[in-house]
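Student: I'd like to ask some things about the structure below.
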Amino acid sequence: MPSSIKREKPTPIVMIQRARRMRRNPTDAEERLIKQLRSLGEKPIRSQVPINYMIVDVALPNRNLIIEVDGGIHNAPFQQRRDAWKEKTLREMGFNVIRIKNERTASLMYVRNAISPYQDNKWNTKRFRDQLRAVEVKLPEEEKEKRRVKREEKRLRQEQRRQEKQARKTTCSRYVSALDKERAYLEGIEKRIHDRELFRPREG
């Protein structure tokens, strides 16, 4: 990776979460491209696929093909260096990679011509899946244990909060019940006093 774009690599879980957010909020160009691919009968179509520490825009497993959709930011020098590194890395992993500019996604003919050199068959799908498994990030056992402990601690905290909430609810119910009884008792006394005043003989 070029020194100018060095950054700390996020964990695989972060990448999966980021991919999900991006999948829920695609760009207009990505939506257009997916519609064009569907109209060409392409399937399956996968969008925002996390591969190792990268996320690719669109993947066609049947063609073992990754399509990157380039907007205006991809003209910036730092982004071009990053794109070149990403494309080189993906090719080394065994994937085919093409890039399509935003405005080109509106042309069905252009999209068809761009993907046509890559053969469409079921063996490519298997190859694509095998390659994804091959580059899948393997967490060390120590890291897995840490995450397991964190999940267990989180579960215990949630259970403790639930029990505390239930205890507060029970305590409040007891207080309310006691207050209701006291209120009923006071109302009874008040009624008896009122009755005595009402039926007391008047003097003179």
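The values are calculated or read from the model by the stated rules, or taken from the named source; none is laboratory data. From a predicted model like this one, the values you see are computed outputs, not experimental measurements. Here the Cβ is made from the backbone with ideal geometry for all residues, glycine too, and neighbour counts use every protein chain on show.
Student: Which numbered condition in (1) over 16 Å from T89 (Cβ atoms); (2) modelled with pLDDT under 85; (3) among the charged types (D, E, K, R) is the only one that D28 fails?
Tutor: D28 satisfies all of (1) over 16 Å from T89 (Cβ atoms); (2) modelled with pLDDT under 85; (3) among the charged types (D, E, K, R) except (2).
Student: Being more than 23 Å from N113 (Cβ to Cβ), exposed (fewer than 14 other Cβ atoms within 10 Å of the Cβ) and modelled with pLDDT under 90: is that true of K88 here?
Tutor: yes
Student: Just to check your reading of the model, which residue among R161, R202, R157 is out of contact with any Cys (no Cβ under 6 Å at 6 or more places or on another chain) and at pLDDT below 75?
Tutor: After applying the criteria, what remains is R202.
Student: Which condition does M109 not pass, out of (1) surrounded by fewer than 10 Cβ atoms within 10 Å (Cβ to Cβ); (2) at pLDDT below 85, if it passes all the others?
Tutor: The single condition M109 does not satisfy is (2).
Student: Under 7 Å between Cβ atoms, at least 6 apart or on separate chains: pull out the pairs that start in the range 22-36 with a residue that is acidic (D, E) and end on any residue that is buried (at least 17 other Cβ atoms within 10 Å of the Cβ).
Tutor: Correct list of pairs: E30/S47; E30/D57; E30/V58; E30/V69.
Student: Name the residue that is modelled with the lowest pLDDT, counting only residues in the range 112-136 that are surrounded by 15 or more Cβ atoms within 10 Å (Cβ to Cβ) and hydrophobic (A, V, I, L, M, F, W, C).
Tutor: For the range 112-136, the residue satisfying everything is V135.
Student: Write out, first by first residue and then by second, each pair whose Cβ atoms fall under 8 Å of each other, whose residues are 6+ apart or on separate chains, and whose first residue, in the range 134-158, is closer than 24 Å to I55 by Cβ while the second is modelled with pLDDT of 80 or more and not small (G, A, S).
Tutor: Taking only residues 6 or more apart or on different chains, the pairs are A134/M93; V135/I51; V135/M93.
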